[in-house]
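Here the structure comes first, spelled out in structure tokens, and everything after it is commentary.
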Amino acid sequence: IVAELGLVIGLSAAINRISALTATLMFLAYSVVNGMTLCTIFLVYELGSIASTFFVTAGTFGAMAIYGSVTKKDLTRVGNLCIMAVIGLIIATLVNLVIKSTMMEMIVSGVGVLVFVGLTAYDAQKIKEAFYGVAESEEANKFAVIGALNLYLDFVNLFLYLLRLFGRRK
């Protein structure tokens, strides 16, 4: 988990100083480390539950990405609210590690689903607007990596929050 966090923060902070190839390699490294971390869900949740949650996540993610890409409504305000809500989710999760409330876990998971649904639409719109009429360049490639990272994080977090809500534990 520390390696994951380090890679995300490192990539985001260094994106203007590194090449697009280095950014891509860091993103791939993050994906591999994230995959190794996520494999632990197979120890906690039933396989059918993981599969059904994955398909629900994929459908929801796809629908919101399409919505974000085609809507004429500016989603900047929604995105900013969702980013602030992520900070609240982190704090609430840390507090719940101490108090261990199942009700609070359900509330945090429900809010987490809403937040990452909103972030998916926002990030898709932001990527579409950034690339509209842009020629291939080193900067565009770096932004593509950051955009892919944002959407990847949206998907994984949406999946994990849905799994906490609807997943059947072993």
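Some values worked out for this structure:
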read-out	value
Candidate set: segment 121-169, residues that are outside any helix (DSSP H, G or I) and either in contact with a Phe, Trp or Tyr (Cβ under 7 Å, 6 or more places away or on another chain) or of a type in the set (A, V, I, L, M) (or both); chosen: the one surrounded by the most Cβ atoms within 10 Å (Cβ to Cβ)	167
Given (1) modelled with pLDDT of 95 or more; (2) in contact with a helix residue (DSSP H, G or I) (Cβ under 8 Å, 6 or more places away or on another chain), number of the condition residue 72 does not satisfy	(2)
First in segment 108-124 and over 17 Å from residue 58 (Cα atoms) and of a type outside the set (S, T, N, Q), second anywhere and open to solvent by 30 Å² or more (accessible area, probe 1.4 Å) and outside any helix (DSSP H, G or I), Cβ under 9 Å, 6 or more apart	none
Count of segment 60-82 residues which are within 11 Å of residue 120 (Cα to Cα) and assigned to a helix (DSSP H, G or I)	13
Single residue of segment 29-46 satisfying the filter (in contact with a Lys or Arg (Cβ under 7 Å, 6 or more places away or on another chain) and not in a helix (DSSP H, G or I)) that is surrounded by the most Cβ atoms within 10 Å (Cβ to Cβ)	45
Counted residues, segment 10-28 - those being open to solvent by 40 Å² or more (accessible area, probe 1.4 Å) and part of a helix (DSSP H, G or I)	8
Residue match in segment 47-59 (condition: outside any helix (DSSP H, G or I), open to solvent by 40 Å² or more (accessible area, probe 1.4 Å) and either under 26 Å from residue 141 (Cβ atoms) or at pLDDT 95 or above (or both))	no
Which numbered condition residue 116 misses (of (1) modelled with pLDDT of 95 or more; (2) among the aromatic types (Phe, Trp, Tyr); (3) open to solvent by 50 Å² or more (accessible area, probe 1.4 Å); (4) touching a helix residue (DSSP H, G or I) at 6+ places or on another chain (Cβ under 9 Å))	(3)
Residue tally, condition under 15 Å from the mean Cα position of the chain (by Cα) and of a type outside the set (Val, Ile, Thr), over segment 82-109	5
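Yes/no matrix, rows are residues, columns are (1) touching a helix residue (DSSP H, G or I) at 6+ places or on another chain (Cβ under 6 Å); (2) within 17 Å of residue 157 (Cβ to Cβ):
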{"residue": "2", "(1), (2)": "no, no"}
{"residue": "12", "(1), (2)": "no, yes"}
{"residue": "35", "(1), (2)": "no, yes"}
{"residue": "63", "(1), (2)": "no, yes"}
{"residue": "89", "(1), (2)": "yes, yes"}
{"residue": "94", "(1), (2)": "no, yes"}
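The values are calculated or read from the model by the stated rules, or taken from the named source; none is laboratory data. Quantities reported herein were computed from a predicted structural model and do not represent experimental measurements. Don't worry about glycine lacking a Cβ; one is built from the backbone with ideal geometry, like all the others, and counts go over all protein chains shown. For accessibility, only protein heavy atoms count, side chains too; no ligands or nucleic acids. Shrake-Rupley method; radii C 1.70, N 1.55, O 1.52, S 1.80 Å.
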